[in-house]
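Any read-out appearing in this document is the output of simple, stated calculations on the displayed coordinates, not a laboratory observation. These numbers were taken from a predicted model, which means no experiment stands behind them. Don't worry about glycine lacking a Cβ; one is built from the backbone with ideal geometry, like all the others, and counts go over all protein chains shown.
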Amino acid sequence: MKTAWKRILVLLLAALLLAGCTQSGKPAAEAAAASETAAPSLVPAEPTPEPTEEPTPEPGPFEADYALLWEILETDYPYLPYLREKGIDVDGIRETYAKLVKDTKNVKTFAEIIGKVFASLRNTAHLHMIPEYLFKDMYGIYVLSPELKDDLFLAPWRDVMMQAAEIGYYTAPKEYNSGLSSMTGVYSDVKVQYYKDCKTLCFSVPTFDFYSVEHDKDVFINAIKQYPEAENIVFDITRNSGGDDRYWKNNIVAPFGTDYTFEWREFYRSSPENERIVTGWMELYNTSEAEDAPAWASAYGLDRFFCMSAEVKGFEAIRSDAKRWVLVSSTVYSSSEEFVCFCKATGWATIAGTHTGGDGLGFDPVIRLLPDSGLLFRFCMDAGENPDGTMNIEGTTPDVILETADVTRLLDLIREEQGH
């Protein structure tokens, strides 16, 4: 009996020991998991470092000028919407050259970059940097010229050029130079040729340069007097990219003795600077209020306009019934384009040749200053309306279209008309 009870007691004790082990012990997997959640070691942890901000890079010395340049183009220059419509990636051009400007430290390099920007925009509407040699000419004309230095309308042009001279990138001339212009070098004289077989007197006029107005004042008068039998007079301006409109008014048109007034409209984008130029000098109108305003004006955001005129006071120095021709090409631009528009509007001459370069209606391109670099650039702030209602930046279609703008081809046409 005792032996049996002893066995039972041993079995019960073993069972109790196993039960206690099951309650207080853990399987290996649970033990491992528990160890992971155990209290941390008493060894101190490394402190978490505070996040550090990357230093903002200093802007390049010309980034502000570059931003100002584009602000001016967006607000004052009338042609960015036009260029976008023509497929020019205006915004891509801005971004591409902004990357170059960021690392540019030299002002001459910056000037080169801006020149490339304008070239990418096709230098539309006289959009150009003003290089040193041109600055000297323009300073002489606007600031020192006895004829223009007191012209109140041109005061904004004078002011900005004098500001640029103070900054120091450009060197202003001390005296007015009344000699030949350095804008594109020394110009050739007007070439005069008489073709006896078709009785045609031909003038090749390479420029309407400011300095040539006085220099060439008697060239046309003397030659026409020399050939009174001429039945055709040709003014070949195929290589003429403009200059001063007084040249064609005073030297070519006026000597024939008739007064003319040619009127047209100029559309522009209202902005503080643009309004400053024209306020007090022009009667200003809202494009939206003009029933006959061209569609392109509103399409390009040109919300204001004014009227301009080219007046010619004739003096009778030439007596001739000869038919007048003006030979043109794509080079015809600026004031030589204005001459073409005048001829179109008044019938003063027959236009022959190829489509012209345009951008001849309006006043002198405005000048803007980039103050950090001291650089100047210019552009036409207004968009002129052709006699047929089209945009003058598109040029003029001749009355007589020739395959090539060549005087020989025009002479052949004249001979055909004469029955030769």
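Before moving on, here are some points about what is shown:
- Between Asp89 and Thr331, the contour length at 0.36 nm per residue exceeds the Cα-Cα span by 84.6 nm.
- Of the GluC sites (Glu not before Pro) found in segment 308-414, the ones in coil according to DSSP and having at most 14 other Cβ atoms within 10 Å of their Cβ are Glu403.
- FRET efficiency for the Lys105 to Tyr195 pair, using the beta carbon distance and R₀ = 51 Å, is estimated at 0.30.
- Note on segment 295-420: Kirkwood radius taken over Cα pairs, Stokes-Einstein applied at 37 °C and 0.692 mPa s, translational D equal to 195 µm² s⁻¹.
- Under 5 Å, built H, 5+ apart or other chain: amide partners of Asp236: Phe203, Ser204, Val205, Leu327
- Placing a label point 7 Å from the Cα of Glu394 along the Cα-to-Cβ direction, the residues of segment 63-98 whose backbone N falls under 18 Å of that point are 78-88.
- Taking a point 7 Å out from the Cα of Asp372 in the direction of its Cβ, the residues of segment 94-118 whose backbone N falls within less than 13 Å of it are 98-107, 110-111.
- Taking the charge dipole of segment 64-202 about its Cα centre, with +1 at Lys and Arg Cβ atoms and -1 at Asp and Glu Cβ atoms, the residue from Phe118, Tyr139, Cys198 reaching farthest to the positive side is Cys198.
- Amide hydrogen neighbours beyond the local backbone of His128, cut-off 5 Å, H modeled: Arg378
- Normalised by 2.2 N^0.38 Å, where N is the number of residues, the alpha-carbon radius of gyration of segment 63-167 equals 1.21.
- Net length gained if the chain between Glu231 and Asp150 were fully extended (0.36 nm per residue, minus Cα distance): 24.8 nm
- For segment 112-171 versus segment 319-355, the spacing of their alpha-carbon centroids is 29 Å.
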